[in-house]
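Only the coordinates and a few stated rules stand behind these numbers; no lab work does. It should be emphasised that the depicted structure is a prediction, and the values quoted were computed from it without experimental measurement. As a convention, Cβ positions derive from the backbone with ideal geometry for all residues, glycine included, and neighbour counts pool all protein chains shown.
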Amino acid sequence: MSEAHSAMVPSDNPVMYIQHHLANWKVGEGFWTWHLDTILFGALTALALMIVGRMVAKNLSADAPTGLQSFLELIVEFVDTQVKESFHGHSPLIAPLALTIFMWVFLMNAMDLLPVDLLAFIGNLAGVELHAKMVPTTDLNTTFAMAISVFVLIVYFSIKAKGVLGFGKEFLYLPFGKYLMPVNVVMKLVEELAKPVSLGMRLFGNMYAGELIFLLIALLPFWVQPLLSAPWAIFHILIITLQAFIFMILTIVYLSLAHEEH
């Protein structure tokens with residue numbers, strides 16, 4: 001992996017170098033700011049996942065499976081096992097949702113393994129100063145959008161399993177009974193809101209820190225970079241996979257809890 005310095009940012013100014021690489025390609029101002037790099041690379045990884053999945057599905061073979069088919073079957077079986085062990089309800093949505101989350105988050109995280117100066121190099125070739133990030137999960141907008149989507153599903157499954165009345169009783173009467181309803185509501189709100197916050201912040205924090213370490217390595221002398229970048233990239237593969245797994249398994253657990261009577 002090459003961690004060469006960007007020609008657009010002087011190597012003797014590490015603060016400018018890091019700020020440049022952590023700046024999003026965006027349009028608009030304030031609340032209506034759009035991070036185009038996040039949208040682009042998030043969409044590209046999703047498209048790649050759909051294309052590969054469709055290609056394998058069209059050429060399934062029970063007698064002579066390809067290596068890619070066998071690899072995807074292992075992932076499907078792994079995710080299916082996690083769903084069976086962690087989800088105690090019955091829903092045809094959970095397993096496909098868990099598989100999609102795991103694969104998509106993994107692919108977005110894996111963009112972190114590309115050279116940190118790749119986009120700057122492409123921008124130099126095109127004669128433009130390109131401020132963009134390739135890792136969608138280093139953007140809070142991505143991680144919180146996914147976490148909020150999971151939160152909406154939690155509310156939906158809770159109401160579907162318990163009804164509007166049962167869902168309301170959980171907020172009002174648990175855990176301290178009807179005489180402490182205000183306390184119950186506050187505690188329930190904190191408990192529920194902590195789920196999307198922890199999901200979004202955990203993924204963002206780990207991936208942002210990993211990207212920052214790659215940038216710090218890129219600021220070192222060129223002869224030191226291979227000694228550090230290769231071991232960190234190998235270790236980072238574990239982080240990438242682990243964070244995708246954690247996001248998936250917590251989603252399954254939260255949706256399972258939504259089905260249960262507490």
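Charge dipole of segment 139-262 (Cα centre as origin; +1 on each Lys and Arg Cβ, -1 on each Asp and Glu Cβ, all else neutral): 300 debye, rounded to the nearest 20.
Over segment 155-257, Cα pairs under 8 Å with separation of 6+ residues give a relative contact order of 19 percent.
With +1 on each Lys and Arg Cβ and -1 on each Asp and Glu Cβ, how big is the dipole of segment 85-167 about its Cα centre, in debye rounded to the nearest 20? Let's see the in-between values first.
Numbers: 3 positive and 5 negative charges, 95 e Å.
The dipole magnitude comes to about 460 debye.
Mind sorting 37, 117, 63 by how few other Cβ atoms lie within 10 Å of their own Cβ, fewest first?
On the way: 37 21, 117 24, 63 4.
In increasing order of surrounding Cβ atoms, one gets 63, 37, 117.
Within the listed set 177, 166, 123, the Gaussian network model of the chain (springs between alpha-carbon atoms below 10 Å) gives the highest mean-square fluctuation for 177. Taking every lysine pair in the chain that is 8 or more places apart or spans two chains, those with Cα atoms closer than 28 Å amount to 19. Our coupling estimate for segment 130-136, obtained by passing each phi through the Karplus curve with A = 6.51, B = -1.76, C = 1.60 and θ = phi - 60°, is 9, 9, 7, 10, 8, 9, x Hz, Gly and Pro reported as x.
Between the listed residues 128, 81, 254, the Cα displaced farthest toward the positive end of the dipole of the chain, a dipole computed from Cβ unit charges relative to the Cα centre, is found at 254. Look at the Cα gyration tensor of segment 143-206: its axes a ≥ b ≥ c give a/c of at least 1.5 with a/b at or below b/c, and that counts as oblate.
In percent, rounded to a whole number, the relative contact order of the chain is 31, using alpha-carbon pairs under 8 Å and six or more apart.
Apply 1/(1 + (r/R0)^6) to the Cβ-Cβ distance of residue 70 and residue 129, taking R0 = 45 Å, and write down the FRET efficiency to the nearest 0.05.
FRET efficiency, residue 70 to residue 129: 0.50.
When the chain is described by a simple charge dipole with +1 on each Lys and Arg Cβ and -1 on each Asp and Glu Cβ, the residue from 59, 96, 42 located farthest towards its positive end is 96.
Each label was represented as a point 7 Å from its Cα along the Cα-to-Cβ direction; for residue 212 and residue 246 these points are 1.5 nm apart.
Note on residue 24/residue 178: beta-carbon distance plugged into 1/(1 + (r/R0)^6) with R0 of 51 Å gives a FRET efficiency of 0.55.
Per residue of the chain, what 222 nm ellipticity follows from adding -39500 (n - 2.57) for every DSSP H run with n ≥ 4, rounded to the nearest 500? Let's see the in-between values first.
Numbers: 8 runs with 184 residues, N = 262.
Computed mean residue ellipticity for the chain: -24500 deg cm²/dmol.
Placing one equal scatterer on every Cα of the chain and applying the Debye formula, the log10 ratio I(q)/I(0) at q = 0.17 Å⁻¹ is -1.29.
Please state the relative contact order of segment 52-153 as a whole percent: Cα pairs under 8 Å, 6+ residues apart?
17
When the chain is treated as a Gaussian network with alpha carbon springs shorter than 10 Å, the biggest mean-square fluctuation among 216, 68, 118 belongs to 68.
Rounded to the nearest Hz, the phi-derived 3J(HN,Hα) couplings of segment 193-207 under the Karplus curve 6.51 cos²θ - 1.76 cosθ + 1.60 (θ = phi - 60°) are 5, 5, 5, x, 5, 5, 4, x, 6, 5, 5, 4, x, 5, 6, where x marks glycine and proline. Amide H contacts under 5 Å for residue 26: 36, restricted to partners 5 or more places along the chain or on a different chain, H placed in the peptide plane at 1.01 Å from N. Spin-label model, residue 167 to residue 202: label points 7 Å out along the Cα-to-beta-carbon direction sit 2.4 nm apart. Taken about its Cα centre, the chain carries a charge dipole of roughly 720 debye when the Cβ of each Lys and Arg holds +1 and the Cβ of each Asp and Glu holds -1. Extending 7 Å from the Cα toward the beta-carbon at both residue 16 and residue 63 defines two label points whose distance is 6.6 nm. With a 10 Å cut-off between alpha carbons and a GNM built on the chain, which of 179, 156, 208 moves the most? For the chain, modelled as a Gaussian network with Cα springs under 10 Å, the answer is 179.
Residue-wise HN-Hα couplings along segment 237-253, as the Karplus relation 6.51 cos²θ - 1.76 cosθ + 1.60 with θ = phi - 60° gives them from phi, are 4, 5, 5, 4, 5, 4, 5, 5, 5, 4, 4, 5, 5, 5, 4, 4, 5 Hz; Gly and Pro carry x.
Assuming R0 = 35 Å, what is the FRET efficiency of residue 113 and residue 91, from their Cβ-Cβ distance, to the nearest 0.05? Don't skip to the answer; put the middle values down first.
Working: r = 34 Å, r/R0 = 0.97.
Here the calculated transfer efficiency is 0.55.
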